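These notes are about the structure you will find just below.
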Amino acid sequence: MTEEPIKVVLFAADCGGYDIERSMEELAALAQANGMEAVAEVVQKRETPEAATFLGEGRLAEGRMLCINLGAECAVFDAELSGSQIRNLEELLEVQVIDRTMLILEIFASRAVTNEGKLQTELATLQYRLPRLAGLGASLSRQGGGGGGGAGARRGAGESKLEYDRRHVRRRIDALRERLEELERRRAETRKSREKSGVPVVALVGYTNVGKSSLLNRLCGAQVLEADMLFATLDPTARRLTLPSGLACVAVDTVGFVSRLPHNLVQAFKSTLEEAAFADVILKVCDASDPETAAQLAVTDDVLGELGCGDIPQIVVYNKCDRVENAALFDTSAVRTSAVTGEGLDALLARLDAALAGRVRRIAVLLPYDKLGEATPMRENGTVLTEEYRPEGVYLEGIVKTMDLHRFTPYLV
């Protein structure tokens, strides 16, 4: 039996800083990804948000009536609220209040699969909650009795509880950072061994829900979760990809981006996203059927800029082109693809081959029978295209990595 989604009302202040209509559509999609159903929207045009309650009294009264009449259990705000704002809003609206950042964190917490993903999510959540402890819940900020001032006054139980919670959260943050640093050291060792083997890495990055996982499955035959939903894939997934030249590489699917991704989330998930920072080629995937394609690419570029990926070769991929007849390419060097129909995949693989052309060479060699062990790099790390047994030795045509070429030099035909 499918669980009924939680009904929510969306709230926003339109201060002119971004496209509010687009942002509300994304907020509704985020709510849906978190098992919620947006039943109404309340938007107020303002110069700046109200300091204490984010929106004005009249709009909040309207929102309260909507929550009551529509049976909404939660109010979701398209901004990052302070602890005191959340407390004030919950008193006025009489429903649970969460902001955009908390909504994304809840999605991350429910979707993270690997141990590292769970640790990163917990770290980001605690970093978000730490400065808001005084406002998140009256029990933390309420003063206890006992002492009316002067030398005999003592701190109330509520204040002590707040300080205890802060110390506990700080200790937990420090412990999580240590564990993540240890995991990072292990991953660095794995990356070193991969670099020694010369296996190139192709990272698929881009806005969430543009079809990166579908594209990876189509290219590699991998079974990675696909869903028409924001943040369907959180943990990075690596799969072997063999290019037409015979070069074997690793294709990595990374967590998707959203506009206005909170900075602490970028920091907390940096180790997950850094697969892009250490990639040999980055595929910037966007949705060709989305009218906001340019905005998606801008978000992707912003996050890649934070990760220091400016010098890595990048290929723009317009995916889902089967949904549109004539998608306008903002980048004329981009590749149009469809993970559904397979359109453009050959062109994409050819572009990857060209980008990694310096990694492989096609050669022909004649190995004496007492030197057959020299064929190992071609068999294990390259591709054997032709193999003939001749009186003077074994004739091989194939593809080898440039780093292994010196082993075949004495036997080149």
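Here the spin labels are modelled as points 7 Å beyond Cα on the Cα-Cβ line, and at ARG407 and ASP301 they lie 4.3 nm apart. Packing, taken as the mean count of other beta carbons within 10 Å per residue, orders the peptides 48-60, 71-83 from highest to lowest as 71-83, 48-60.
Once the Cα-Cα distance is subtracted from the 0.36 nm per residue extended length, the ARG240 to ARG46 segment shows a gain of 64.7 nm. The peptide list 29-38, 384-393, put in order of mean Cβ contacts within 10 Å with the highest first, becomes 29-38, 384-393. Extending 7 Å from the Cα toward the beta-carbon at both ARG167 and GLN96 defines two label points whose distance is 3.0 nm. Relative to the current alpha-carbon distance between ALA175 and ARG361, full extension at 0.36 nm per residue lengthens the span by 62.2 nm.
Along the range 172-179 the Karplus relation, 6.51 cos²θ - 1.76 cosθ + 1.60 evaluated at θ = phi - 60°, assigns HN-Hα couplings of 5, 4, 4, 5, 5, 4, 5, 5 Hz to successive residues, with x for each Gly and Pro. Taking 7 Å steps out from each Cα toward its Cβ at GLU388 and ALA347 produces label points 3.8 nm apart. Within the shell of other residues whose beta carbon sits under 11 angstrom from the beta carbon of GLU50, the net charge comes to 0, with Lys and Arg scored +1 and Asp and Glu -1.
Apolar share of the accessible surface for the range 364-413: 52 percent from carbon plus sulfur atoms, 1.4 Å probe. Here MET24 sits with roughly 10 square angstrom of accessible surface, probe radius 1.4 Å. Accessible area per residue for the range 330-381 in Å², computed with a 1.4 Å probe and the full protein assembly in place, what is it? Per-residue accessible area for the range 330-381 comes out at 54 Å².
The values are calculated or read from the model by the stated rules, or taken from the named source; none is laboratory data. Model, not experiment: these values are computed from the prediction. No Cβ is skipped: glycine too gets one built from the backbone with ideal geometry, and neighbour counts run over all protein chains shown. Just the protein is used for accessible areas: all its heavy atoms, side chains included, with ligands, DNA and RNA removed. Shrake-Rupley method; radii C 1.70, N 1.55, O 1.52, S 1.80 Å.
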